[in-house]
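**Q** Let me begin by handing over the structure; questions about it come next.
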Amino acid sequence: MHPLAEKVLARDMRATARACRLVDDRAGDHAAILKDLFPHTGRAWVLGVTGNPGAGKSTLTDRLIGVFRKQGRRVAVVAVDPTSPFTGGAILGDRIRMQAHFGDPDVFIRSLATRGALGGLSRSAADIARVLDAWGADVVLVETVGVGQDELEITRMAHTTLVVAAPGMGDEVQAIKAGILECADVFAVNKADRDGADAAVRDLELMIALGGEVAQASGRARGHSAAALHARASGASGASGAVDPSGGPPEGPWVPAIARTVATRNEGVAALVDRLEGHRAWLFGTEAGAARREERLREAMHVQLRDALTDAAVAALGPALEAAVRAVARREVDPYTASERLVEAFRTGAAAALGGVVTPGDAA
């Protein structure tokens, strides 16, 4: 086993930070570390926290840390900040709102920059979460960049997705738009002491009700949102997000729950955690939840395979890829034909002989 992986499993804080850095930079033998740690992962509950900028995600994440620590759980946080497209730098300021936990040896906070990745996460976020899972975290909180309506990568990574909304962020039209609001397993209407909180809750309830009716009418769900994954895994009938009277989690697809919070005053956070725990019980305690977890892993594997193939193709094609770019720029070949030829050359291992495959006269 890699020496650094052994130290991570021994809960060495500095070694874990070094492992996170290597994985984030994709430097050294980071892949060997991840391979050695993977058999020791799968215990942590990965909880995604997403929502619009200014909704209060970081403050609410800080309050969630406090609740989980009172329960005796070890907590890790992966906080993703945007990278500047001009300078390449990132402030990594989300952790500023979590300073109360910096001295806690059972809390690990890691900030990441997106480094140009889309979807609200960095490319390394899932791997960092696995490192922290192996470190011994019971809960891994993943706070995304303040995202827009179609940046939903967190749904592929997290077991439970919490969408944080706030009054005044839009009207009922915003609430029914496809995208971020569809990815929620639980909603938190934060800043609920402000005017418009009742309307925000009402709009979310309307959206959830309409979403259930559409799913039942169509009998299937499209897309990659949490709701779509639930429906594909469980079917579109018999939905129930309420706790079963017998004390067990409900069967059938999960219906998103809503909680009101005022994170700055720590109000409503305990009730929010109860709703999050309800989804966790459904996810790990029902057949529908097991199918949902399998679907999530399938989606994650597709992403992993796509990234690995992209890296391998770019490395193997080398100069041929640059030649293709120049040929397309000169209008000697269209980008679709050039791409098809590059893919075929990569599949056959003929990248070394690719000098002219992008030109019309060299078509196979």
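Readers should treat all values here as calculations from the given coordinates under stated rules, not as data from a laboratory. Predicted model, so just to flag it, every value in this text is computed and none were measured. All Cβ positions, glycine included, derive from the backbone under ideal geometry; neighbour counts span all protein chains shown.
**Q** Whose amide H sits under 5 Å from the amide H of VAL142, counting only residues 5 or more places off or on another chain, with H placed in the peptide plane?
**A** Distant-sequence amide H within range of VAL142: LEU47, GLY48, VAL49, VAL78.
**Q** If I stretch the segment between ARG18 and ALA199 completely, what's the gain in nm (0.36 nm per residue apart, minus their alpha carbon distance), one decimal?
**A** Taking 0.36 nm per residue and subtracting the Cα distance, the gain is 60.5 nm.
**Q** Right, next: Say R0 is 22 Å: what FRET efficiency, to the nearest 0.05, do GLU267 and PHE102 get from their beta-carbon distance?
**A** Plugging the Cβ-Cβ distance into 1/(1 + (r/R0)^6) gives 0.40.
**Q** So who's got an amide H within less than 5 Å of the one on SER111, skipping anything under 5 residues away but keeping other chains? H placed 1.01 Å off N, in plane.
**A** Those lying under 5 Å, H to H, from SER111 are ALA79.
**Q** Which part of region 38-58 falls in the paramagnetic zone of LEU210, meaning amide N under 20 Å from the point 7 Å along Cα-to-beta-carbon?
**A** Residues 52 qualify, since their backbone N sits under 20 Å from the label point.
**Q** Moving to a separate point now. If packing is taken as the average number of other Cβ atoms within 10 Å across a peptide's residues, how do 37-48, 56-67, 300-311 rank, most packed first?
**A** Ranked by mean Cβ neighbours within 10 Å, highest first: 56-67, 37-48, 300-311.
**Q** Starting from 0.36 nm per residue, how many nanometres of slack lie between VAL343 and ALA291 once their C-alpha separation is accounted for?
**A** 15.3 nm
**Q** Which of the peptides 16-26, 70-80 is most tightly packed, and how do the rest follow, going by the mean number of other Cβ atoms within 10 Å of each residue? Intermediate values should be presented prior to the final figure.
**A** On the way: 16-26: 18.9, 70-80: 20.8.
Descending mean neighbour count gives 70-80, 16-26.
**Q** While we're on this one: Show the residues, 5+ positions off or on another chain, whose built amide H is closer than 5 Å to the amide H of GLU267.
**A** Those qualifying (amide H under 5 Å, at least 5 residues apart or on another chain) are VAL262.
**Q** Using 0.36 nm per residue of separation minus the Cα-Cα distance, give me the extension gain between ALA329 and GLU6 in nm, one decimal.
**A** Taking 0.36 nm per residue and subtracting the Cα distance, the gain is 111.2 nm.
**Q** Which distance in nm do the two modelled labels at ALA27 and ARG43 give, with both placed 7 Å along the Cα-to-Cβ direction?
**A** That separation, rounded to one decimal, is 2.9 nm.
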